[in-house]
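Notes follow once the structure below has been shown.
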Amino acid sequence: MSNKLAQLTGSREYLALSTEDKKFVTQLCEHWRFSLQQIRQIIRVGRDLETWSEGSLAALWGDLLPEKEGDRNELENRFRQFTASWENLKNSPKDYRGFSPGKIIIPPAEMKALDDGRRILGDCPVASLKTRCCNLKTLDAVAGCGFDCSYCSIQSFYTGNTILFHEDLKAKLAALNLDPDKSYHIGTGQSSDSLMWGNRKGLLEDLFAFARENPNVILELKTKSDNVGELLSLDVPPNVLLTWSLNTPTIIDAEERLTASLEKRLDAARRCADARLPVGFHLHPMVWYKGWESEYADLFGAMTSRFTAEEVVTVSMGTLTFIKPVLKKLRERPIHSKILQMPLEDAAGKYSYPLSVKTELFRAAVEGLKDWKDRVFFYMCMEDPELWEPVFGRAYKSNAEFEEDMIYTYNHKLSDIFDRRKL
């Protein structure tokens, strides 16, 4: 083994390589005088190919032996061709046909009491002046999630297959210092799924008591589950908004593997709408892949055929957006996923699709949901302000203006739905 390769054999990415790829990297380094950075890149490409199920490292590199040992020009040309082939796989729409994520075996999560006095209310972790942001406040009612979506950052911050419940959530909620003269939009879906736990440990009862005692709060519960039985048995305050993250069956099966199916999510949302509860939807993340146009069109048709504009408060849309630490964590996970097989460009200090791809995805959503235009609040989450005008035909001058319009519109729609509930 070369001295340079030996410096990287303790890295998580190298350790996650298959035995076959480890052997091939060792053989490569015996015949080619790579720099340390080039070896690091070869390891990363190997991990990507394994994760994406896109063939072997050996097949992408080609002939193991150089034509002329030690020829620097040959090395640079071969390495350039190698990385170009990898980039081509990233920059073209990925193909899920024939892809299988394999069997996911996750032991039951351990439930633990969270009693360390940590702060439970904060700002959205991705809030930024560089993107058009609604200034959502986040409530960490539960820390950790059991769905394990391939792209989610939650597993990057909460580890050990442990779900943390506050031992004294009701008291912590009562102690929050909220301004009674200010309107708040607070979500619970950033550190866990909002509904997958139902009313375990009185979770929903405590949240509903908080919403009832703070009518100036719009409390949003965001989910990919169909677990609404306990919720529907409770008295849901009029300022609680129930929202579902939706995606195509292809993305759900491949990248959201432990969540409820699309049909079950829509059924659960329909049950809540039938109970005159306000619902909303998040098309987030929209994913660019072969066949996305027709599959998302089917999704939009299912939404508009099953719900009226009067029942739906909001539709948000967004794409895959990552920070460097999350990218690193995702590459280290021993799973099969195509989620990072995508073009990654700088996006306000993060990494995401180019604006041209985003515009194409979002315009398709607006067109597919045009029956709801002007009666449902549409917005983009964590996206470049430049996208708003070409996608929606409207734009906000600031995050504060966006926040104000969202809360104003939500309050009026929630009030209308609650009035119909009383009839």
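The values are calculated or read from the model by the stated rules, or taken from the named source; none is laboratory data. In this text the structure is predicted, and so the values were computed from the model without any measurement. Reconstructed Cβ throughout: ideal geometry from the backbone, glycine too, with neighbour counts over all protein chains shown. Each accessible area value is taken on the protein alone, full model and side chains, heavy atoms only, with ligands, DNA and RNA left out. Shrake-Rupley method; radii C 1.70, N 1.55, O 1.52, S 1.80 Å.
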Practice problem: For region 119-154, name all the residues that are in a loop (DSSP other than H, G, I, E, B), touching a strand residue (DSSP E or B) at 6+ places or on another chain (Cβ under 8 Å) and aliphatic (A, V, I, L, M). | Solution: I120, V126, L136, A141
Quiz item: So how many residues does region 249-265 have that are in a helix (DSSP H, G or I), touching a residue at least 60 places away in the same chain (Cβ under 8 Å) and surrounded by fewer than 21 Cβ atoms within 10 Å (Cβ to Cβ)?
Solution: 2
Quiz prompt | strands (runs of 3 or more DSSP E) lying entirely in region 278-372 (those with 2 or more residues that are acidic (D, E)) | solution = 345-347
Exercise. For region 198-208, indicate whether the set of residues that are within 25 Å of the chain's Cα centre (by Cα), surrounded by fewer than 21 Cβ atoms within 10 Å (Cβ to Cβ) and in a loop (DSSP other than H, G, I, E, B) is non-empty.
Key: yes
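Being without any contact (Cβ under 8 Å) to a residue 12 or more places away in the chain and closer than 27 Å to P125 by Cβ: is that true of D274 here?
Working: without any contact (Cβ under 8 Å) to a residue 12 or more places away in the chain: yes; closer than 27 Å to P125 by Cβ: no.
It is false that D274 is without any contact (Cβ under 8 Å) to a residue 12 or more places away in the chain and closer than 27 Å to P125 by Cβ.
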Practice problem: For region 127-160, enumerate the residues that are open to solvent by 30 Å² or more (accessible area, probe 1.4 Å), at pLDDT below 90 and over 17 Å from L330 (Cβ atoms). | Solution: A127, L129, K130, G146, G160
Quiz item: If you check every pair at least six apart or on different chains, which have Cβ atoms under 7 Å apart with a residue in region 224-238 that is within 21 Å of L414 (Cα to Cα) and modelled with pLDDT under 95 first and a residue that is open to solvent by 40 Å² or more (accessible area, probe 1.4 Å) and of a type in the set (S, T, N, Q) second?
Solution: none
Practice problem: Quick one: K373 ticks every box in (1) among the charged types (D, E, K, R); (2) surrounded by fewer than 19 Cβ atoms within 10 Å (Cβ to Cβ); (3) in contact with a Ser or Thr (Cβ under 8 Å, 6 or more places away or on another chain) except a single one, so which number is it? | Solution: (3)
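Only one of L36, L57 is among the aliphatic types (A, V, I, L, M), closer than 20 Å to K338 by Cβ and touching a residue at least 12 places away in the same chain (Cβ under 8 Å). Can you tell me which? If you could, list the steps in order and put the result at the bottom.
Values: L36 fails: closer than 20 Å to K338 by Cβ.
Every option except L57 fails the conditions.
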Practice problem: Residue by residue through region 410-423, note down the ones that are in a helix (DSSP H, G or I) and either under 24 Å from the mean Cα position of the chain (by Cα) or free of Cβ contacts under 8 Å to residues at least 40 places away in the same chain (or both). | Solution: Y410, H412, D419
Self-check item: Checking A59 against (1) in contact with a strand residue (DSSP E or B) (Cβ under 9 Å, 6 or more places away or on another chain); (2) open to solvent by 40 Å² or more (accessible area, probe 1.4 Å), the condition it does not meet
Solution: (1)
Quiz item: Scanning for something modelled with pLDDT under 95, crowded, with 16+ Cβ neighbours inside 10 Å and more than 24 Å from Y296 (Cα to Cα), does region 349-358 turn up at least one residue?
Solution: yes
Practice problem: Might you check whether a residue that is acidic (D, E) and assigned to a loop (DSSP other than H, G, I, E, B) occurs anywhere in region 209-219? | Solution: no
Quiz item: From L242, L283, L246, which residue is farther than 20 Å from D140 by Cα, touching a Gly at 6+ places or on another chain (Cβ under 8 Å) and buried (at least 22 other Cβ atoms within 10 Å of the Cβ)?
Solution: L283
Quiz item: Among the residues of region 297-320, is any open to solvent by 10 Å² or more (accessible area, probe 1.4 Å) and within 15 Å of the chain's Cα centre (by Cα)?
Solution: no
Quiz prompt | Complete set of residues in region 217-239 that are open to solvent by 30 Å² or more (accessible area, probe 1.4 Å) and over 18 Å from T314 (Cα atoms) | solution = D226, N227, G229, E230, L232, S233, L234, D235
Quiz prompt | Sole exception among (1) surrounded by 11 or more Cβ atoms within 10 Å (Cβ to Cβ); (2) at pLDDT below 75; (3) closer than 30 Å to D253 by Cβ for P108, by number | solution = (1)
